[in-house]
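Each remark here refers to the structure printed beneath this line.
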Amino acid sequence: MNPILLNTQVQIYLFGESILYIFMIMAFIISLHILLKWDFDSFSDEQYRLERRSYLVITILLFVFAVKFMLLPYFVFTIDSLNTLVPGAMCAAGVISANSYGLELLFVKLFVVFILSWWLMINYYDLQAKNYPFFKIKYGLYIAVFVLITLELWLDFAYFGNIDIHQPVSCCSALFGQLEGANPLPFGLDTKTMLILFYSIFVTLAILILTKQDITALIFSGLFLYISYYSVVYFFGTYVYELPTHKCPFCMFQKEYHYIGYLIWGSLFGGVFLTADSILCKKVLNVDTSKSKIYGLLLITVFVFTVSAVVLIYRFQNGTWL
Amino acid sequence: MSPIVEIEGLKRFYNTPAERVEVLKGINLSIERGETLILKGVSGSGKTTLLSIIAGLDRPSEGKVLVEGEAIAKLPDNHLSHFRGRHIGMVFQHYNLIEHFSVKDNVSVPLVPMNLRYQKVGQRVEDAMKKANISHKSDMLAARLSGGEKQRCTIARAIVTNPEIVICDEPTANLDRENAIKFLDILKNLHNMGKTIIIATHDSIFESLNFSHTVVYMSDGEIEKSESIE
């Protein structure tokens with residue numbers, strides 16, 4: 001048996017994901033039944049039963065989604081902790097690239113979290129009305145989520161089951177250092193231009209959200225996520241590590257860096273996802289989501305202030321830039 | 001004017017592994033605004049289940065229940081709680097008071113979700129206690145009240161939100177005759193205020209009600225007969 005599968009944290013993680021999946025299968029079967037038979041205008045025995053089951057499904061999904069949100073940082077923590085088992089790995093960057101499934105799994109996980117948060121928002125607005133107006137969208141989306149989560153679970157087992165502990169991997173120093181001399185930034189940007197873009201897009205996004213220009217704000221939130229990834233890895237991250245050559249998105253999750261990665265990436269993804277979900281909800285459901293957009297903007301602001309503060313604190317403590 | 005409560009083909013059953021227990025077997029009932037309705041019947045006839053469904057505390061298995069024109073059985077929980085808080089006051093057989101709260105605090109509990117100003121809450125509580133004739137005990141703990149006083153406290157709590165409908169489940173079951181008669185006086189006041197009152201009881205004291213009301217006789221989950229008494 002692959003020794004990775006004997007690791008306690010991996011076992012807890014896979015066990016947790018599997019249990020949640022069993023709950024989701026139950027919810028999926030009931031959801032299909034509800035979708036096929038639902039007739040809100042009816043006062044029949046079957047319709048009342050479906051309404052009660054709908055509550056059951058919502059309760060199951062709220063529980064499952066809450067645990068899945070917690071399992072995302074735990075997944076990062078787990079792969080980070082595997083760096084002692086995988087030769088060449090010093091952090092999660094090395095472990096995630098131990099086989100071809102790793103990065104796919106990470107992207108699927110992030111996409112699942114995005115869709116789940118959108119589902120939660122639709123559910124919230126559905127229950128705010130008296131007659132379940134978004135019932136079909138909600139259950140239709142859940143069926144799509146279920147397919148995605150099936151893929152995610154398969155990738156979970158494929159990834160952890162195929163990590164070869166005898167095969168050395170490239171970790172952040174090699175992964176991000178191999179471009180030494182070449183420009184790793186997109187579109188041939190230099191660091192200064194990237195930072196100007198980073199802050200400009202943030203300010204523009206804030207203005208777009210506050211002036212309710214939704215579609216443009218949606219495009220800019222995607223752009224901001226893209227530029228933020230590069231800004232954190234190639235600029236702000238180096239100040240977290242206090243080393244200009246250390247360019248890694250994962251090491252900042254470690255204790256040595258006060259687990260600041262959870263705050264940085266959590267506020268970035270949380271803020272962008274919340275903003276995008278709010279805009280999608282407004283466009284699809286035609287409901288007022290201005291409050292949640294403001295919360296999304298607040299989270300993005302927390303992210304910008306956090307990464308900026310890291311740089312400024314280094315500057316004031318050391319009297320120099322990196 | 002349309003009835004305040006309209007019930008059509010209401011059934012309530014519970015499925016056990018062995019059998020299906022039918023508690024209500026197709027009730028049809030209409031209650032007019034301001035009407036006082038007494039549900040009579042032996043224990044197990046379905047009175048309390050019917051009250052619970054009208055109050056939105058239970059949901060039907062089948063059939064239509066409209067209260068104030070709203071199909072309450074179909075409301076999501078958050079809306080149902082809101083509806084109950086605004087339109088329905090409940091008087092329970094066992095009072096359901098918070099024993100270590102004072103009378104005043106017990107009466108003010110239904111106003112908490114309404115986010116009223118402190119002054120307004122005090123005014124409403126005072127008013128409700130006066131109507132239920134319990135204001136002289138306002139600072140006493142509920143645990144120290146007698147049965148009759150507890151009942152008056154629950155009445156004050158039921159009417160503090162100024163609901164259109166007051167529902168009482170066996171309200172005199174734990175009262176002596178003297179307190180039961182006092183309870184009838186309070187009922188008369190509520191009736192004069194235009195409240196719709198629905199009472200489930202098997203106490204014969206309600207035969208001495210001296211204002212117009214309707215008596216509905218229930219037996220084995222069905223309405224046997226109903227009569228209007230002027």
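The values are calculated or read from the model by the stated rules, or taken from the named source; none is laboratory data. Please read all numbers here as calculations on a predicted model, not as lab measurements. Here the Cβ positions follow ideal geometry from the backbone for every residue, glycine too, while neighbour counts run over all protein chains shown. With ligands, DNA and RNA removed, areas are computed over all heavy atoms of the protein, side chains included. Shrake-Rupley method; radii C 1.70, N 1.55, O 1.52, S 1.80 Å.
Tabulated results
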| item | result |
| --- | --- |
| Residue within the stretch A:171-188 that is crowded, with 21+ Cβ neighbours inside 10 Å, closer than 30 Å to A:VAL10 by Cα and not assigned by TED's automatic domain parsing to the domain that holds A:PHE23 present | yes |
| Residue identified as basic (Lys, Arg) and either closer than 24 Å to B:HIS191 by Cβ or surrounded by 14 or more Cβ atoms within 10 Å (Cβ to Cβ) (or both) among B:LYS130, B:LYS120 | B:LYS130 |
| Residue ID - least open to solvent (accessible area, probe 1.4 Å), chosen from residues in the stretch B:1-14 that are more than 14 Å from chain A (Cβ to nearest Cβ) and more than 17 Å from B:SER226 (Cβ to Cβ) | B:SER2 |
| Only listed residue being among the aromatic types (Phe, Trp, Tyr), within 14 Å of chain B (Cβ to nearest Cβ) and surrounded by 14 or more Cβ atoms within 10 Å (Cβ to Cβ), chosen from A:TYR55, A:TYR13, A:TYR48 | A:TYR48 |
| So A:LEU72, is it touching a residue at least 40 places away in the same chain (Cβ under 8 Å), aliphatic (A, V, I, L, M), within 14 Å of chain B (Cβ to nearest Cβ) and within 20 Å of A:PHE15 (Cα to Cα) | no |
| Total residues in the stretch B:15-57, condition within 14 Å of another protein chain (Cβ to nearest Cβ), surrounded by fewer than 16 Cβ atoms within 10 Å (Cβ to Cβ) and either at pLDDT below 90 or closer than 28 Å to B:LEU190 by Cα (or both) | 3 |
| Pair list, Cβ under 6 Å, 6 or more apart: the stretch B:203-225 residue exposed (fewer than 12 other Cβ atoms within 10 Å of the Cβ), other residue part of a strand (DSSP E or B) | B:LYS225/B:TYR217 |
| Checklist (1) in a helix (DSSP H, G or I); (2) among the aliphatic types (A, V, I, L, M); (3) touching a residue at least 60 places away in the same chain (Cβ under 8 Å); (4) surrounded by fewer than 21 Cβ atoms within 10 Å (Cβ to Cβ) applied to A:LEU312, failing item | (3) |
| Candidates B:LYS182, B:LYS195 - the one that is basic (Lys, Arg), at pLDDT 90 or above and more than 30 Å from B:GLU22 (Cα to Cα) | B:LYS195 |
| Exclusive hit being within 30 Å of A:ASN7 (Cβ to Cβ) and without any contact (Cβ under 8 Å) to a residue 24 or more places away in the chain, set A:LEU85, A:LEU103 | A:LEU103 |
| Test: B:SER108 is away from every other protein chain (no Cβ under 14 Å), small (Gly, Ala, Ser) and more than 20 Å from the chain's Cα centre (by Cα) | no |
| Within the stretch A:128-152, considering residues that are open to solvent by 30 Å² or more (accessible area, probe 1.4 Å) and under 22 Å from A:LEU20 (Cβ atoms), the one farthest from the other protein chains (Cβ to nearest Cβ) | A:LEU151 |
| In the stretch B:68-100, the residues that are assigned to a strand (DSSP E or B) and either crowded, with 17+ Cβ neighbours inside 10 Å or in contact with a Pro (Cβ under 6 Å, 6 or more places away or on another chain) (or both) | B:ILE88, B:GLY89, B:MET90, B:VAL91 |
| Residue that is farthest from the other protein chains (Cβ to nearest Cβ), among those in the stretch B:58-70 that are closer than 15 Å to B:LYS11 by Cα and among the hydrophobic types (A, V, I, L, M, F, W, C) | B:LEU66 |
| Lone qualifier among A:LEU20, A:LEU35 - being open to solvent by less than 40 Å² (accessible area, probe 1.4 Å) and either farther than 29 Å from B:VAL65 by Cβ or not aromatic (Phe, Trp, Tyr) (or both) | A:LEU20 |
| Residue that is farthest from B:ASP77 (Cα to Cα) [pool: residues in the stretch A:32-45 that are facing chain B (nearest Cβ under 9 Å) and among the hydrophobic types (A, V, I, L, M, F, W, C)] | A:PHE43 |
| Where a residue in the stretch A:249-267 is in the same structural domain as A:VAL304 (by TED's automatic domain parsing) and its partner, wherever it lies, is among the β-branched types (Val, Ile, Thr) and open to solvent by 50 Å² or more (accessible area, probe 1.4 Å), with Cβ under 7 Å and at least six apart | A:SER267/A:VAL302 |
| Odd one out for B:GLY9 among (1) in contact with a Gly (Cβ under 6 Å, 6 or more places away or on another chain); (2) assigned to a helix (DSSP H, G or I) | (2) |
